[in-house]
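K.L.:
First the structure, then my questions, so here it is.
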Amino acid sequence: MVAKINSPRIEIHYCTKCRFILRANWLAQELLMTFTDKIGELALVPSSGGVFTVLVDGEEIFSRKEQERFPESKELKQLIRDRIEPDMPLGHSEA
């Protein structure tokens with residue numbers, strides 16, 4: 001299936017030296033399962049310097065350095081949903 005032209009691109013930038021790959025991979029899987037056909041592309045972007053940042057169409061929506069913590073799955077789903085399809089119900093992630 002070819003992604004819609006206007007579908008969003010989500011990027012998860014993660015620090016390879018800090019071994020954040022497992023968390024990035026897990027969150028990517030959660031997002032792909034939740035937003036099945038709503039995401040055009042999801043990229044894991046290797047980085048350094050303790051980075052763990054999530055972008056939607058180039059706009060930063062979460063930064064570990066700014067928040068001084070990692071995003072919760074529920075929180076990240078809500079942030080992305082609010083940008084790509086605000087009326088989409090998230091089921092148990094909504095509560």
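K.L.:
Which loop-located trypsin sites (Lys or Arg not before Pro) does segment 1-75 contain, where loop means any DSSP state but H, G, I, E or B and the Cβ has at most 14 other Cβ atoms within 10 Å? Display every interim value, and only then the final one.
P.N.:
Values: sites: Lys4, Arg9, Lys17, Arg19, Arg23, Lys38, Arg64, Lys65, Arg69, Lys74; in loops: Lys4, Lys17, Arg19, Lys38, Arg69.
Answer by residue number: Lys4, Lys17, Arg19, Arg69.
K.L.:
So which of Lys17/Lys38; Lys38/Lys65; Lys38/Lys77 end up more than 22 Å apart by C-alpha? Mind dumping the intermediate values first?
P.N.:
Numbers: Lys17/Lys38 31 Å; Lys38/Lys65 28 Å; Lys38/Lys77 12 Å.
The answer is Lys17/Lys38; Lys38/Lys65.
K.L.:
I would also like to ask the following. Taking only DSSP H segments of four or more residues, each worth -39500 (n - 2.57), what value at 222 nm results for the chain once the sum is divided by all its residues, to the nearest 500 deg cm²/dmol?
P.N.:
-9500 deg cm²/dmol
K.L.:
Please state the relative contact order of the chain as a whole percent: Cα pairs under 8 Å, 6+ residues apart?
P.N.:
Values: 138 pairs, mean separation 28.4, N = 95.
It comes to 30 percent, rounded to a whole number.
K.L.:
At q = 0.19, 0.21, 0.25, 0.26 Å⁻¹, what is the log10 ratio I(q)/I(0) for segment 9-83, with the Debye formula run over Cα points and no solvent?
P.N.:
Log10 I(q)/I(0), no solvent term: -0.70, -0.87, -1.26, -1.37.
K.L.:
Shifting gears a bit: Return one number: the angle in degrees, 0 to 90 and rounded to the nearest 10, between the long axis of the Cα atoms of helix 21-34 and the longest principal axis of the Cα atoms of the chain.
P.N.:
For 21-34 against the chain, the angle is about 10 degrees.
K.L.:
Where nothing but the Cβ of Lys and Arg (+1) and of Asp and Glu (-1) is charged, how large is the charge dipole of segment 9-83 around its Cα centre, in debye to the nearest 20? It would help to have the intermediate numbers written out before the result.
P.N.:
Details: 12 positive and 12 negative charges, 60 e Å.
That gives a dipole near 280 debye.
Each value in this text was obtained by applying a stated rule to the coordinates, not by laboratory testing. Being a predicted model, the structure only gives us computed values, none of them experimental. Virtual Cβ from ideal backbone geometry, glycine too; neighbours counted across all protein chains shown.
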